[in-house]
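Have a look at the structure below before the remarks.
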Amino acid sequence: MAKRGNFATKFGVLMATVGSAVGLGNIWRFPYQTGVNGGGAFLLIYVICVLLIGIPAMTAEFIVGRETHKNAVGAFEKLDSRWSGVGYLGVLTGFIIDCYYCVVTGWTLYYLYLSVTGSLLGGTVSEYASMFHNFSAGVVFPIVTLVLVIVITGIIISKGVQNGIEKASKIMMPMLFILLVILAINSCTLEGASEGLNFLLIPDFSKIGLDSLLAAAGQAFFSLSLGMGCLITYSSYFTDDVDLAKTASQSALIDMLVAIVSGIIIFPAVFSFGMEPEQGPGLVFKVLPNVFTQMGFGTLWAIMFYLLLFIAALTSFISITEVVVAYASETFKISRRNAVIVVCSLFILIGIICSLSFGPLADVTIFGMNIFDSMDYLSTNIMLPLGGILTSLFVGWSLDRRIVETQLKIDSPVKYKVLRVYIFFLRIVVPIAVTTVFIAQFLG
Ligand code: PHE
């Protein structure tokens with residue numbers, strides 16, 4: 001067997017995890033979900049989900065990954081093959097997410113192209129809205145960009161990822177963060193910004209339904225890259241001196257912060273430009289060009305923003321694809337390169353169908369949603385939380401406690417106390433919280 005690589009430094013480990021976590025989920029998905037789910041109350045529930053469910057579940061994935069040093073399926077097979085279904089569920093979920101993630105990453109690429117060619121800025125609010133509609137409902141550009149995204153990812157992945165991922169993440173992630181903070185400060189100075197901040201930060205529970213609870217839990221899983229074995233795969237590259245609980249907490253907090261900062265960029269602008277927050281998936285693409293247009297050196301900001309967003313999306317896309325490719329090549333005993341070719345061809349095929357659901361296939365609906373939305377809903381709101389609960393149950397109830405103790409380096413009475421609380425979360429709190437939300441949704 002080929003020698004497995006490792007992430008070289010602790011900062012690299014953190015940035016690679018953050019690189020997987022921070023992506024379209026924070027900057028594209030979080031604002032639009034907050035918009036359609038009523039604002040502040042959604043944010044509050046999302047934060048609670050990250051803290052109470054996300055961090056324990058993330059630590060559980062890390063334990064499974066570093067203990068086994070294997071991919072998502074292999075890890076469960078090594079520890080207890082009765083649970084390997086959780087690994088397969090993860091691969092399937094990753095596959096579905098990839099098929100629509102490439103569509104939105106393609107949108108980012110298109111907006112980067114517009115910024116570089118100087119044709120993005122100078123429009124009006126309604127022009128930007130129709131520009132997005134015309135583009136996303138089209139055939140040629142969305143398909144060309146999504147194919148490009150998949151080809152770029154395929155090339156990077158077939159060359160092996162660790163080195164590249166670690167290096168790129170260490171530089172790009174901090175840069176992205178600084179840029180986001182600058183944009184957030186800029187948004188706060190817009191006229192009427194306070195209305196947007198109120199929308200984001202002041203909870204109005206009358207706007208929250210049962211479906212918003214599930215959406216907030218799903219968003220937490222999606223944004224943290226949880227519930228599909230991605231972090232099992234990443235932590236299989238961690239060295240022994242990495243503190244798992246600390247890495248999980250830090251990554252989750254950074255990820256949450258990036259989402260909130262993105263909200264602070266988007267919502268003041270939404271209200272300032274007289275737009276509606278409930279725009280759905282096109283929200284940030286319709287809002288941000290207005291922001292850049294009114295900023296000095298707008299083109300420069302736009303290029304930097306879309307470039308970093310594209311790279312953030314790419315690092316997440318790579319991390320999802322890695323789960324599918326690693327599984328395919330190891331299970332079907334084909335080379336990494338061939339696995340990449342097969343998997344990426346399937347992504348292109350289904351990605352195109354997904355993309356067309358904004359245009360020619362808009363009338364095709366599943367449970368009242370178009371193809372794109374239904375794939376997003378199924379994978380994020382159902383499959384990720386399910387994968388997260390099952391991993392928590394596995395580590396909480398079934399995994400040998402000594403493994404948990406070794407992985408978490410439990411060596412003092414105080415730490416034993418904390419461990420007891422942690423196991424209680426994995427056994428009871430996480431499964432019951434998520435199951436309740438599931439059941440409430442289907443009864444409601
Ligand atoms: N967390 C990534 C994002 O926010 C998406 C992702 C989901 C990555 C699941 C890996 C696994 O964009």
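The values are calculated or read from the model by the stated rules, or taken from the named source; none is laboratory data. What you see is a predicted model; the values in this text were computed from it and never measured. Note that we place each Cβ from the backbone using ideal geometry, even for glycine, and neighbour counts take in every protein chain shown. What goes into the accessible areas is simple: the full protein's heavy atoms, side chains included, and nothing from ligands, DNA or RNA. Shrake-Rupley method; radii C 1.70, N 1.55, O 1.52, S 1.80 Å.
Would you check if there is a residue in region 206-224 being at pLDDT 95 or above and not in a helix (DSSP H, G or I)?
Within region 206-224, one or more residues are at pLDDT 95 or above and not in a helix (DSSP H, G or I).
Under 6 Å by Cβ, and 6 or more places apart or on different chains, what pairs join a residue from region 103-131 that is open to solvent by less than 20 Å² (accessible area, probe 1.4 Å) with one that is hydrophobic (A, V, I, L, M, F, W, C) and not in a helix (DSSP H, G or I)?
Partner pairs satisfying both residue conditions: Leu114/Leu120.
Checking the structure you have, find out if any residue of region 210-233 is surrounded by fewer than 20 Cβ atoms within 10 Å (Cβ to Cβ) and either more than 11 Å from the ligand (Cβ to nearest atom) or hydrophobic (A, V, I, L, M, F, W, C) (or both).
Yes, because at least one residue in region 210-233 is surrounded by fewer than 20 Cβ atoms within 10 Å (Cβ to Cβ) and either more than 11 Å from the ligand (Cβ to nearest atom) or hydrophobic (A, V, I, L, M, F, W, C) (or both).
Does Ser272 count as open to solvent by 10 Å² or more (accessible area, probe 1.4 Å), in contact with an Asp or Glu (Cβ under 8 Å, 6 or more places away or on another chain) and closer than 30 Å to Gly298 by Cβ?
It is true that Ser272 is open to solvent by 10 Å² or more (accessible area, probe 1.4 Å), in contact with an Asp or Glu (Cβ under 8 Å, 6 or more places away or on another chain) and closer than 30 Å to Gly298 by Cβ.
Would you please name the residue that is surrounded by the most Cβ atoms within 10 Å (Cβ to Cβ), looking only at residues in region 23-41 that are β-branched (Val, Ile, Thr) and under 14 Å from Ile265 (Cβ atoms)?
Only one residue tops the list, namely Thr34.
Consider only pairs whose beta carbons are under 8 Å apart and that are at least six residues apart or on different chains; among these, list those whose first residue lies in region 383-412 and is β-branched (Val, Ile, Thr) and whose second residue is in a loop (DSSP other than H, G, I, E, B).
Thr391/Gly227; Val404/Ile410
If you check Ala248 against the conditions, is it buried (at least 22 other Cβ atoms within 10 Å of the Cβ), small (Gly, Ala, Ser) and away from the ligand (no atom under 16 Å from the Cβ)?
So Ala248 fails the test.
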